[in-house]
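Accompanying notes for the structure given below.
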Amino acid sequence: MSAKTIRFDQSKCTACCACAMACMDEKDTDVEQGERAIRQVYTEERCRDGQVSFRFHSDSCLHCRVPACAAACTAGCLYKDAESGLVLYDTAACDGCGQCLNACRMGAISLNRHGKIQKCDGCIKRQRAGKIPACVRVCPTGALYLGE
């Protein structure tokens, strides 16, 4: 089963944060305990010739073809899954060293309240069950969608 990756169309994003909320709910993220949301939504403000404009972003793991995070992981908990093509992880194997955090150019990896890795896994369990990822499911504008 080749899982599809989550794609983002910036022109459709309104920064409503429904994707981030759905992700936090799906992954049981506890921000009150210091956990960071896996999907980040932010606004970029631009000013050109006296005109102010805004662009919105919804970011998470890009599931790189050659993931630097996996190469940096000395515990071997991060890996490129051959079946799905996603960069997945085994929390039980994580020793919390943080090397993957430093290696990820997107800043898409963080440690959970137990000092273990957390990152977007493309909602692989949902996809294997024939469902779409939580963030894609709730995006009201279609800014998030599944692609190859």
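Details
- Positions within the range 3-12 being part of a strand (DSSP E or B) and either among the β-branched types (Val, Ile, Thr) or surrounded by fewer than 14 Cβ atoms within 10 Å (Cβ to Cβ) (or both), in sequence order: 5, 6, 7
- Any hit, the range 13-32, residues being under 14 Å from residue 122 (Cβ atoms), under 18 Å from the mean Cα position of the chain (by Cα), part of a loop (DSSP other than H, G, I, E, B) and of a type in the set (A, V, I, L, M): no
- Residue list for the range 33-46, restricted to those being surrounded by 13 or more Cβ atoms within 10 Å (Cβ to Cβ) and not in a loop (DSSP other than H, G, I, E, B): 40, 41
- Tallying residues that are part of a loop (DSSP other than H, G, I, E, B), over 14 Å from the mean Cα position of the chain (by Cα) and hydrophobic (A, V, I, L, M, F, W, C) within the range 47-81 yields 4.
- Of 122, 142, all but one fail to be in a loop (DSSP other than H, G, I, E, B) and exposed (fewer than 12 other Cβ atoms within 10 Å of the Cβ); the exception is 142.
- Taken over the range 20-43, residues that are touching a strand residue (DSSP E or B) at 6+ places or on another chain (Cβ under 9 Å) and either closer than 11 Å to residue 57 by Cα or charged (D, E, K, R) (or both) amount to 8.
- Residue count for the range 99-132 under the criterion of being under 15 Å from residue 39 (Cα atoms) and touching a Gly at 6+ places or on another chain (Cβ under 7 Å): the result is 1.
- Test: residue in the range 98-120 that is touching a His at 6+ places or on another chain (Cβ under 9 Å) and modelled with pLDDT of 95 or more: yes
The values are calculated or read from the model by the stated rules, or taken from the named source; none is laboratory data. Everything numeric in this text was worked out from a predicted model, so none of it was measured. Using ideal geometry, Cβ is built from the backbone for each residue, glycine included, and neighbour counts are taken over all protein chains shown.
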